[in-house]
Amino acid sequence: MTKSPLKLAIIGGGSSYTPELVEGVLKRLDRIPVKEMHFVDVEAGKEKLAVIEALTRRMVDKAGADMTVTASMDRRAAIQGADFVMTQFRVGGLQARANDERIPLKYDVIGQETTGPGGFAKALRTIPVILDICQDIEELAPNAWMLNFTNPAGLVTEAVQKYTRVKTIGLCNVPVSMKMMIAEMMDCQPQELTLECAGLNHLVWAHRAWLRGQDITADVLKKVGDGASYSMKNISEEPWDPDFLNALGAIPCPYHRYFYQTEAMLAEEKATALKEGTRAEQVMKTERELFELYSSEALAEKPEQLEKRGGAYYSDASLNLVDAIYNDQKSLHVVNVRNDGTIPSLPDDVVIECSAVVGSWGARPIVVGRLGPQVLGLISQVKAYEQLTVEAAVHGDYDKGLMALASNPLVPDIDKAKLILDEILKTNHDYLPQFRH
Ligand code: G6P
């Protein structure tokens, strides 16, 4: 890549998270000279996009940055000549997410944005759209890097890797959040820590944690087992069993609670849905408050209230990656990339989440050593679900969809799998053209 100033295209620019991204860009201008940010959204997100555009202009002016800010519905214009395309969109908005959370709950199954049947439904809606975006990238910005934040991030990135030629890296804020939480409990700076991560998106383990050359994995597991705070804003902090953690020997991510403590998490979800609404329903309220704040002419920075959302550090994760690629840093990041032998029991062409070295050529995964059956069992089963989901989403294949849900560890039997699938297809009818044949 030539070291010329950069154009960023942000698809889903009307997201309430965007001010964090803008703050991240403005903080790093000495390392990443961005000359243009083009935010894109769809008709339904037009008003939010206008609010984000105005706030971004105020933030850019305050920083005294020389940068063009554009916001439009014209995705092709945004992608044309972009160096990085950042995808952070939500097909169907928060209402579709609320449906994803509520449908499984009716059948006593975890109802979650990215994990279990909720993530499956989101993947069905999202994959056709991302493949469409990729066609534009192949045509208009073939050298661009696509950094995908769109959930379910691993699954969506896998579809892009399998079905397009776009250079892509999938990203998530969970690994960086794990690092921040571990730094807090070990009373050290995050940069003093190294985590050796491998697994899948929202199913990643730190197999070893190092602090200044010392293996601290067992200490971290002990602290988490003893009740140290270890969760994200969107996940209930169910306590961990210390004996289980000790036996596991690897540090799970907060999302593992859905798999390891399914009953407790389900009970909590059901109780919360009754009292305060599902997470999406709570987030709708937070979003309204955020957009009210964003609309104020007096605001020219990211407001603190954004911290109520689960996506903390998402801007750091993505802009540190831009930095690593643009400045050919060859630095360590946790990303979603093609497996290519990193976890030998999985196919080469599936996407895994793991520690990787990132430079101008992209991300090369680091092998963290042979994984034991205690983690490989879950990884393999969830990966089988993910592979089937990609095929179902791309081809509108009902049978693959049914097998995907039947293979998901959070769906306890095939009768439920079928009922949930049928309800997902019916509720999402308008967003699933691939199934209308
Ligand atoms: C976590 C996940 C993200 C997800 C977010 C949801 O941070 O890693 O993938 O998008 O939570 O947060 P929310 O505030 O929307 O529930």
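The values are calculated or read from the model by the stated rules, or taken from the named source; none is laboratory data. None of these values were measured; they are calculated from a predicted model. Positions of Cβ are backbone-derived with ideal geometry, glycine not excepted, and every protein chain shown enters the neighbour counts. The area values use the complete protein model at the heavy-atom level, side chains included, leaving out ligands, DNA and RNA. Shrake-Rupley method; radii C 1.70, N 1.55, O 1.52, S 1.80 Å.
In a simple Cβ point-charge model (Lys, Arg +1; Asp, Glu -1; nothing else charged), region 313-437 has a dipole of about 200 debye relative to its Cα centre. The relative contact order of region 1-104 comes to 39 percent, based on Cα pairs under 8 Å that sit 6 or more residues apart. Which one, ALA300, ALA250, ALA317, has the greatest fluctuation when you compute a Gaussian network model over the chain with C-alpha springs under 10 angstrom? Its mean-square fluctuation being the largest, the pick is ALA300.
Report note on the peptides 156-163, 360-367: ranked by the mean count of other C-beta atoms within 10 Å, highest first, their order is 156-163, 360-367.
A Förster radius of 41 Å combined with the Cβ-Cβ distance from PHE244 to PHE291 puts the calculated FRET efficiency at roughly 0.50.
Label-to-label distance, ASP413 versus VAL42, with points set 7 angstrom from Cα along the beta-carbon direction: 3.6 nm. Judged by the mean number of other Cβ atoms found within 10 Å, the most tightly packed of the peptides 10-18, 216-224 leads the ranking 10-18, 216-224. Divide the volume of the convex hull around the Cα atoms of region 98-184 by the residue count and you get 111 Å³ per residue.
Under 5 Å between amide H atoms, partner at least 5 residues away or on a different chain: which partners does VAL34 have, H built in plane at 1.01 Å? The list, which skips near neighbours in sequence, is LEU6.
Spatially, region 26-81 and region 366-413 are offset by 37 Å when compared through their Cα centroids. Couplings for region 327-343, taken from phi via the Karplus curve 6.51 cos²θ - 1.76 cosθ + 1.60 with θ = phi - 60°, read 9, 6, 6, 6, 9, 8, 9, 9, 9, 9, 9, 4, 4, 6, x, 5, 9 Hz in order; Gly and Pro are left as x.
The 3J(HN,Hα) values that the Karplus relation (6.51, -1.76, 1.60; θ = phi - 60°) gives for region 395-400 are, in residue order, 9, x, 9, 4, 4, 5 Hz. Gly and Pro appear as x. Length gained on full extension, ASP215 to TYR163, computed as 0.36 nm times the residue gap minus the Cα-Cα distance: 14.7 nm. If I take R0 = 22 Å and measure r between the Cβ atoms of GLU276 and SER229 in this structure, what FRET efficiency does the formula 1/(1 + (r/R0)^6) give, to the nearest 0.05? The formula returns an efficiency of 0.60 here. When the Cα positions of GLN434, ALA363, LEU155 are compared along the charge dipole of the chain, ALA363 comes out farthest toward the positive end, with charges on each C-beta of Lys, Arg, Asp and Glu.
Would you mind telling me which residue in ASP215, ASP422, ASP243 has the biggest mean-square fluctuation in a Gaussian network model of the chain, where springs connect alpha carbons within a distance under 10 angstrom? Checking each option, the largest mean-square fluctuation is seen for ASP243. Here the dipole of region 1-150 is about 260 debye; that uses its Cα centre as origin and unit charges on the Cβ of Lys and Arg (positive) and Asp and Glu (negative). Among the GluC sites (Glu not before Pro) in region 179-263, those placed in a DSSP loop whose Cβ has at most 16 other Cβ atoms within 10 Å are GLU237. Solvent-accessible area per residue in region 342-383 equals 40 Å², computed with a 1.4 angstrom probe and all protein chains kept. Pairs of Lys residues in region 123-248, spaced 8 or more positions apart or belonging to different chains, with C-alpha separations under 24 angstrom: 5 in total. Convex hull volume of the Cα atoms of region 210-337, normalised per residue: 173 Å³.
Taking amide hydrogens as placed 1.01 Å from N in the peptide plane, the amide H of THR168 sits under 5 Å from those of MET146, each at least 5 positions away in sequence or on another chain.
Model label sites at ARG364 and ALA54, defined 7 Å from Cα along the beta-carbon direction, differ in position by 4.9 nm. Across region 17-34, rounded Karplus estimates of 3J(HN,Hα) from the backbone phi angles (6.51 cos²θ - 1.76 cosθ + 1.60, θ = phi - 60°) give 7, 4, x, 5, 5, 4, 4, x, 5, 5, 5, 10, 4, 5, 9, 10, x, 7 Hz, Gly and Pro being marked x. Pairs of Cα atoms nearer than 8 Å and 6+ residues apart set the relative contact order; for region 280-391 it is 18 percent.
The residues of region 164-321 expose, per residue, 45 Å² of accessible area to a 1.4 Å probe.
For the chain, the antiparallel share of DSSP beta bridges with both residues in that region comes to about 55%. Here the translational diffusion coefficient of the chain follows from Stokes-Einstein with Rh set to the Kirkwood radius across Cα pairs; for 4 °C and 1.567 mPa s it amounts to 59 µm²/s.
Checking the Cα-Cα distances for LYS106/LYS426; LYS48/LYS285; LYS270/LYS308 against a 25 Å cut-off, no pair goes over it. For the pair GLU307 and GLN434, label points projected 7 Å from Cα toward Cβ lie 4.0 nm apart. Here's how it looks for SER331: its modeled amide H is under 5 Å from those of VAL358, which are all 5 or more places away or on a different chain. Let me have the relative contact order for the chain, percent, based on Cα pairs under 8 Å that are six or more residues apart. The value is 18 percent.
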